[in-house]
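To start, the structure itself, in structure tokens.
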Amino acid sequence: MANKESIHFKATLKRPDRVIDCWLIERPQNEAHLVDSLLAWSVSVGPLNKTVPAVIIFGDSVVDTGNNDYITTIIKCDFSPYGKDFEGGIPTGRFSNGKVPADFIAALFGVKDLMPSYLEPNLQLRDFLTGVSFASGGAGYDPFTSKFVNALSMDDQIDMFKEYIELVKAAVGKERLATMLSKSIFISVFGSNDIANTLSNPIRRLQYDVDQYIDLLVNSASEFYQKLYALGARRIGVFSSPPIGCVPLKRTVKGGIRRDCSESVNNASILFNTKLSSMINSLNKQHHDFRLVYLDIFNTLLSLIQTPAKYGFEVSSKGCCGPGTLPAGFLCNALVEDFLCNDTSKYVFWDTFHPTETAYKILNTLVFTKDTISKFF
């Protein structure tokens, strides 16, 4: 390593009380050329041909690619049969049988095929320059949501992003960092855990009615996206809340003997989405260079659930793994591998909360239409 230079980066995180000791081995002297070439990468989607150097992810279990493996939390999936259809058939900390939206979105924008988690050890400079996921299973817009399960909250994820910024700045310089951030695609996926879990929590129910609680979530979301803007993000895709009342778990708990979708839970999602969309429009008007894009997962996932055969599915009311109607994670484990469905591609849901890789792949296509992608640029 006589002619090479290494970056030694240590960062102590607030929540996991853990020190990252991340060596970027053998950093080449011509790193400026590497950065310039990464910034020149482009994505071709239909007639679009736009520069996207990195995809950077914030959120919950939908886009967590392994961060929860490295913190103390009850929300885990680092065990079989999670990851059974992933490369090598091993659990990776992704809450599905295979790839999750973070991977598909990174591939869509031509950045890379798999999205690494920020807390993953031994990440290299190229990994950081092309983006990572800060997401944590169990997180939400409401700080109480994350605290209740000891997930990485939005503030924790912002703190990690600040560490990331300092790392990249040390490697490539302030100007190239600013260019990279302004041209990158940021993705945010929060809200499901707030509506599915915290909204019905006795503590929150004593403090807020449904409308007040939705306002709390939207106000928290607004603060979060303004923080990202202040840190250099300009192109941010914001996922709506899905039809939480139709996930298998909620159908079991609130759907009665027929396990119908819960209308009250879905109505809370609809109310949240309406106010979220309005907030996004408001922020876009405040900043002429802000591209905050509303991504509708509610209607797209609802379509898969209500008309599964249209997309090649056979089952949409229960999950493939475990009993299929009870909590994710705890009852989807190695003890029930003999009771897995025969073909995951025929199921919309992997466990009782998270879709299968096949469903995620289809949803990614439905959400990221040509028209939607154009809104980022």
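The values are calculated or read from the model by the stated rules, or taken from the named source; none is laboratory data. What you are looking at is a predicted structure, and each value in this text was computed from that prediction instead of being measured. Note that each Cβ is placed from the backbone with ideal geometry, even for glycine, and that neighbours are counted across all protein chains shown. In case anyone asks, the SASA skips ligands and DNA or RNA and just uses the protein heavy atoms, side chains included. Shrake-Rupley method; radii C 1.70, N 1.55, O 1.52, S 1.80 Å.
Packing, taken as the mean count of other beta carbons within 10 Å per residue, orders the peptides 296-307, 245-256 from highest to lowest as 245-256, 296-307.
Distance between the modelled labels on Ser282 and Glu166, one decimal in nanometres: 3.3 nm (7 Å Cα→Cβ projection). Within the full protein context, the accessible area of Cys261 is estimated at about 50 Å² for a probe radius of 1.4 Å. Please compute the contact order of segment 124-187 in relative form: average sequence separation of alpha-carbon pairs under 8 Å and at least six residues apart, divided by the residue count, as a percent. Relative contact order for segment 124-187 comes out at 23 percent. Sorted largest first, the spans of the alpha carbon positions of segment 208-286 along the three principal axes are 50, 24, 17 Å. Computed with a 1.4 Å probe on the full set of protein chains, the accessible area for Ser345 sits at about 40 Å².
In summary, segment 100-187 shows an alpha-carbon radius of gyration equal to 1.14 times the 2.2 N^0.38 Å reference for compact globular proteins. Computing Rg and the Kirkwood Rh from the Cα coordinates of segment 152-288 gives a ratio, Rg/Rh, of 1.07. Every Cα-Cα pair in segment 228-377 was counted, and those over 27 Å apart are 32% of them. Computed extension gain for Ala309 through Leu114, at 0.36 nm per residue and net of the alpha carbon distance, reaches 67.3 nm. The orientation-averaged projected area of the convex hull spanned by the Cα atoms of segment 63-108 comes to 3.1 nm².
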